[in-house]
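Structure first, then comments.
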Amino acid sequence: MTTPLRHVLLVGFMGSGKSSVGRLLANRLGAPFIDLDDRIAAEAGRAIPEIFQDDGEEAFRDRETASLRTLAEEPPSIVACGGGAVLRPENRGLLRELGTVVYLQVDAEEAVRRCPTGTGRPLLANRSPEDVARLLESREPLYAEVADLVVTTMGLSAAAVAEHIQRLLGGSSQTVPEDHPTAAEKECE
Ligand code: S3P
């Protein structure tokens, strides 16, 4: 197992598998795993939907930026970022400075399928599929802007995606694994 020299930061839309893939990738690489949303919730002493409801989205985004800043002081880790971590230009700059950014792609239909009730995700709750598609579309250029690597998760298990990223980080393969299970692992369960 080879611990990366810099952070590996997973970005992508809600339901793209950042947390599940990140945990598995960290195991494979023998690196620490950080889930930025979990950290924000732990520091606030409240779940993300409560932070949104009580303090508003901007206050959550301030916490997100503050959390990203602290990563500069930490040993190389696999970091699952929240889906909106790319929204602020400052965050996009931070992400690029912090390490290798991997964009996990998912389409809107699959994102909704993986997060059926918007569980724990205020920005998915009570949204029509068309709204979700619009939100994803508005963010795609931002994910692409920060990405060093772009990896599709469609039809792939989290394990297959983690294995694929490990290969890409090692520079030994640029192809999607062929021997993957077809059922995508659900990030929201
Ligand atoms: C958000 C995504 C969530 C969480 C918050 C806002 C977003 O993280 O940070 O609900 O703006 O896309 P996940 O992408 O891990 O669900």
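The values are calculated or read from the model by the stated rules, or taken from the named source; none is laboratory data. All of these numbers come straight from a predicted model, not from anything done at the bench. When we count neighbours, we look across all protein chains shown, and the Cβ atoms used for this are built from the backbone with ideal geometry, even at glycine.
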Run down Ala159, Ala147 and say which single residue is modelled with pLDDT of 90 or more, crowded, with 19+ Cβ neighbours inside 10 Å, more than 13 Å from the ligand (Cβ to nearest atom) and hydrophobic (A, V, I, L, M, F, W, C). Ala147
Quickly run through segment 105-147 and pick out the residues that are more than 23 Å from Arg61 (Cβ to Cβ) and part of a loop (DSSP other than H, G, I, E, B). Asp107, Pro116, Thr117, Ser128
Checking His7 against (1) without any contact (Cβ under 8 Å) to a residue 12 or more places away in the chain; (2) of a type outside the set (S, T, N, Q); (3) crowded, with 17+ Cβ neighbours inside 10 Å, only one condition comes out false. Which one? (1)
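Before we move on, is Ser19 at pLDDT 95 or above, surrounded by 21 or more Cβ atoms within 10 Å (Cβ to Cβ) and polar (S, T, N, Q)? It would help to see each step written out before you state the result.
Details: at pLDDT 95 or above: yes; surrounded by 21 or more Cβ atoms within 10 Å (Cβ to Cβ): no; polar (S, T, N, Q): yes.
Against the criterion (at pLDDT 95 or above, surrounded by 21 or more Cβ atoms within 10 Å (Cβ to Cβ) and polar (S, T, N, Q)), Ser19 does not qualify.
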Among what's in segment 39-50 and is more than 9 Å from the ligand (Cβ to nearest atom), in contact (Cβ under 8 Å) with a residue 12 or more places away in the chain and in a helix (DSSP H, G or I), pick the residue that is nearest to Glu73 (Cα to Cα). Arg39
Unmet requirement for Pro122, which otherwise passes all of (1) modelled with pLDDT under 95; (2) surrounded by 18 or more Cβ atoms within 10 Å (Cβ to Cβ): (2)
Return the total of residues in segment 148-160 being of a type in the set (A, V, I, L, M) and either touching a strand residue (DSSP E or B) at 6+ places or on another chain (Cβ under 6 Å) or outside any helix (DSSP H, G or I) (or both). 5
Take Arg63 and tell me if it is buried (at least 17 other Cβ atoms within 10 Å of the Cβ) and among the basic types (Lys, Arg). yes
What are the residues in segment 115-162 that are under 25 Å from Phe52 (Cβ atoms) and hydrophobic (A, V, I, L, M, F, W, C), if any? Cys115, Leu123, Leu124, Ala125, Val132, Ala133, Leu135, Leu136, Leu142, Val146
Given (1) more than 12 Å from the ligand (Cβ to nearest atom); (2) in a helix (DSSP H, G or I), number of the condition Ala31 does not satisfy: (2)
